[in-house]
Structures are given as C-alpha cells and as structure tokens.
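Here the structure comes first, spelled out in structure tokens, and everything after it is commentary.
The values are calculated or read from the model by the stated rules, or taken from the named source; none is laboratory data. Just so you know, these numbers come straight off a predicted model, no measurement behind them. Here the Cβ positions follow ideal geometry from the backbone for every residue, glycine too, while neighbour counts run over all protein chains shown.
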C-alpha cells in the first residue's frame, strides 16, 4: 500500500532589516532549502551612500530606492513583510511584532544605525541627520526654504543667517554633503534669484578632530580639504560643538567659544546602533557597547544562541588588530554573505567558520570632478578618483533601472550643472528662531 507523505517543512529563516546586510543574506539564500521571511518597516531597500544627493536635489528618492517586493519577485523561497519588530523571545525562537509574532529556526538581525547626538538629543530638531529618504527630503526642503526666505527679506543680518549652512562632522557623509551644497549654491542656483546671489552663501564644515576624513591617509585628507576650499567651504577643525538651536551653532576650541548664526545646521557627526539592538541584547542577557552595538562571536552569532546572527551596524565585531569594524556598507554586505553561508553550512551539519572582513578600500567625492580613493597601497585623488567613485556607486545600485536613471541624471548634471529634484515638499519642520543670534555659553 502506497501512502502520500507530506514533505517536511523547510527551515524558517527570518531576516529583520532590508538594508545591505539583510538584503545580501536573503538573496544569497535563494537556492538554499529554506523558507526566507524578510521583515522591514519600509517597503524598499535604500542605497544610503547616495542619500546626500537626494538631500541636495541631485537625485530623486526613487533613483536610489528599490521596492523589496520587486527585488524578490522571482525568488520563490522569499516572502517580504512590512512590519515593526518590537522584541524577541529567544528561548521560544519567536520575533515579536507590533501586530503579531513570527517563529523562526534561524534569525538574522540587521536593522542598521541611527543618529547619535552624544547625549544631546535636544539638538535633533535643529540639526537633522541623514539616514532615511524622509531625512533627505526634509534637508532638501530646509536648504531650499532658506534661499527662498532670504530672497524675501530686507534685514541683511537675518539674510546672512539664512544663507549660512553648517555641516557638523567631516567624515565621508559630511564632506560629500558640504561639497554638494557648495555646487548647489555656486552653480545650480546661479541666476535663479533676483534679490540675492546664492553664491554668497556661507558653507561651514565643523570637525572635532584635527583633519577632515580622519580615518583616511593624511595626504588624501589634505587633498579633500583643498577641494573643499576651492569650492568655498570654510573648514573648522578641532572645534567642539557646545550648542545647537534654531539660531545657529556655538563651537569651542582650546582658546574660546564662537557663535555661528545659521538657519540650516546638518548633523553628520555620529551614529549609534538601531534601538532594536538594545532589545536584542536584553533578550540574550548581554550588554551593548558605547555605540549601542551587540557583542557577537567570531562567526557573528549571538552569545549562546548559535541560530541568531547579528550583522552590520548592530554588531560589535572585531577585525584585524583588534579594532571594531567600521559601520560601512561593505562590512554589512560581506557579513550578509557570511550569514547565508553559515546557515547553509549548519544545514549540512558542518561547523561554523569565523567572519573575515576584506577591506577593498574607501572613497569620498567632493563636488564635481573631485574625489579621493584609498584602495590598499593605491591612493589617488582628482578626476580619475571621481570616475572611480561614480563607477563603483553606480554598480552597487540594486536594480538595473536605478543604474540607468542615475547614470542619465549624472550625465545631465555634468553637462548642465542642473539638478532634477530641486523641489520643496512636505511641511516646514524647522524650529522657530528668535531674533537674537546664538551666544557663547556663559
């Protein structure tokens, strides 16, 4: 007698976060005998390295984002859920959602990072950071509203405040943002206003360390500083921000404090792990580090829970020389590949292997036709570095459609210096400034 036997259910892999790490892991499991569920608060994957171009009108939001359902349309073993994760029950192998639960056999957590104001969260309304599309469109609106308001007023002091833009933090994001703002004011908006000259805008980049792009080779940092100077950006190094409000910024060095009246202040100085990291650490009986990251084992597993893997900005992972790995996209991508390989190995009852990060280099662009690139012993700057930056970022975009759109827009911007998304959308979220300029702390 022949009886029908139902196939055994596939092992359930739940991946939280559709960023670089989670997306890479899910795609790498497309041929594995598992059932993949990807959970994210948003319905899209975002290419964060190009967010600053949305914030300065160079690209539209849709150019750097791709719907998750579209990405996994042909991956039959993957399901996409839009949902809010609120906690974990690790002994029961269960993820707690705002409106339900998900059971898993393997859990991969990769929800990225958010802004860190170093204990000064009250600065956030006056100095937004850049992590999401909403952040980018809000910054774009703040910048353009400042020019529009300056066009309408007669008070020269207030006009100067409106045309002063401050970026706090001279890492890659801050440098690229300052360079793009300089291009916008010096070239894109040229001739579009009647009562003001946008090129008169003052652009200030503030860095607490001794130089811009601190982790880079000193020669590249010097090149980047020279490019910024050429664009008209004032670079203030070894300056600590002591206050930010709607009136501007107060900075301090070893000698004195200085008030910088500014209507637009942008934050690029620090990040911390997603708040979900704290909940995961508590569920595992662990403590996070100062940046809010969860300590993981050499194979990225979470303490005694070998079936839980933590990736990207959430993971406190040590690289060569005992130094924590940086919170950059290449780390998350390689960790995503490693997590998928780990799951496949464990399904075959093979032992785990440690994660090893291969640093292929870093790069940053500073306005039009200028960039710095560090790739092992190869370090270069200028036009060829800029072309290298363009090619690498173009090829890292997830969808072919995005690559075509971005390539076309970059080509058009290069030929015309125009920007396709010079739009003010949404409500004005800027805090109201009083007439007085910021003053140093007594």
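Quick look at the values:
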item	result
Yes/no for residue 234 being modelled with pLDDT of 95 or more, part of a strand (DSSP E or B) and either on the phi < 0 side of the Ramachandran plot or in contact with a strand residue (DSSP E or B) (Cβ under 6 Å, 6 or more places away or on another chain) (or both)	yes
Set 126, 110: member being surrounded by 18 or more Cβ atoms within 10 Å (Cβ to Cβ), farther than 20 Å from residue 283 by Cβ and modelled with pLDDT of 95 or more	126
Every residue from region 358-390 that is in contact with a helix residue (DSSP H, G or I) (Cβ under 7 Å, 6 or more places away or on another chain) and assigned to a strand (DSSP E or B)	363, 364, 365, 371, 372, 373, 374, 379, 381
Checklist (1) exposed (fewer than 14 other Cβ atoms within 10 Å of the Cβ); (2) in contact (Cβ under 8 Å) with a residue 40 or more places away in the chain; (3) out of contact with any strand residue (DSSP E or B) (no Cβ under 8 Å at 6 or more places or on another chain) applied to residue 391, failing item	(2)
Filter pass, residue 215 being loosely packed, with under 14 Cβ neighbours inside 10 Å, under 30 Å from residue 375 (Cβ atoms) and touching a residue at least 40 places away in the same chain (Cβ under 8 Å)	yes
Search result, residues across region 326-338 that are in a loop (DSSP other than H, G, I, E, B) and in contact (Cβ under 8 Å) with a residue 40 or more places away in the chain	326, 327
Filter result (more than 22 Å from the chain's Cα centre (by Cα) and either assigned to a helix (DSSP H, G or I) or buried (at least 17 other Cβ atoms within 10 Å of the Cβ) (or both)) within region 339-351	340, 341, 342, 343, 344, 345, 346, 347
Among (1) farther than 15 Å from residue 180 by Cα; (2) surrounded by 23 or more Cβ atoms within 10 Å (Cβ to Cβ), the one test that residue 250 misses	(2)
Where a residue in region 199-212 is farther than 23 Å from residue 146 by Cα and its partner, wherever it lies, is part of a loop (DSSP other than H, G, I, E, B), with Cβ under 6 Å and at least six apart	207/170; 210/238; 212/170
Which listed residue, of 313, 299, is under 21 Å from the mean Cα position of the chain (by Cα) and either touching a residue at least 40 places away in the same chain (Cβ under 8 Å) or part of a helix (DSSP H, G or I) (or both)	313
Sole exception among (1) buried (at least 18 other Cβ atoms within 10 Å of the Cβ); (2) in contact (Cβ under 8 Å) with a residue 60 or more places away in the chain for residue 275, by number	(1)
Segments classed as helices (runs of 4 or more DSSP H), wholly inside region 120-207, with at least 3 members that are over 30 Å from residue 62 (Cβ atoms) and assigned by TED's automatic domain parsing to the domain that holds residue 259	156-162
Single condition residue 243 does not satisfy, out of (1) surrounded by fewer than 24 Cβ atoms within 10 Å (Cβ to Cβ); (2) in contact (Cβ under 8 Å) with a residue 24 or more places away in the chain; (3) farther than 30 Å from residue 158 by Cα	(3)
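Residues are listed down the side, and each one gets a yes or a no for (1) at pLDDT 95 or above; (2) more than 27 Å from residue 269 (Cβ to Cβ); (3) buried (at least 19 other Cβ atoms within 10 Å of the Cβ):
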| residue | (1), (2), (3) |
| --- | --- |
| 143 | yes, no, yes |
| 151 | yes, yes, no |
| 157 | yes, yes, no |
| 160 | yes, no, no |
| 175 | yes, no, yes |
